[in-house]
Amino acid sequence: MDLDANGNNTQEFCDIQYKRFVAPYGEFWCNPVWDSLLCWPPTKASTTAKQRCPFVDAFDTT
């Protein structure tokens, strides 16, 4: 189970945040994804989602 700084289950938060998302009729969308660090929103096919990386104490970026 992954927890955020407030002790919340972030996988669960991600699931709840986009639970009711329905792609517009006739459009193709990628599903929301929790990657163990960020919650990625539903994203229209053939587009790119971008987010800033959060600061994570003791995370080695090299």
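General observations
- Cβ-Cβ contacts under 9 Å between residues 6 or more apart (or on different chains), taken from a first residue in the stretch 38-62 that is within 30 Å of Val22 (Cβ to Cβ) to a second residue that is among the polar types (S, T, N, Q) and assigned to a strand (DSSP E or B), are listed as Ala49/Thr43.
- Extreme residue, surrounded by the fewest Cβ atoms within 10 Å (Cβ to Cβ), among residues of the stretch 15-57 that are modelled with pLDDT of 90 or more and small (Gly, Ala, Ser): Gly26
- Considering (1) at pLDDT 95 or above; (2) surrounded by fewer than 13 Cβ atoms within 10 Å (Cβ to Cβ), the lone condition that Asn8 does not fulfil carries the number (1).
The values are calculated or read from the model by the stated rules, or taken from the named source; none is laboratory data. The model shown is predicted, which means the values in this text are computed figures rather than measured ones. Cβ atoms come from the backbone with ideal geometry, glycine included; neighbour counts cover every protein chain shown.
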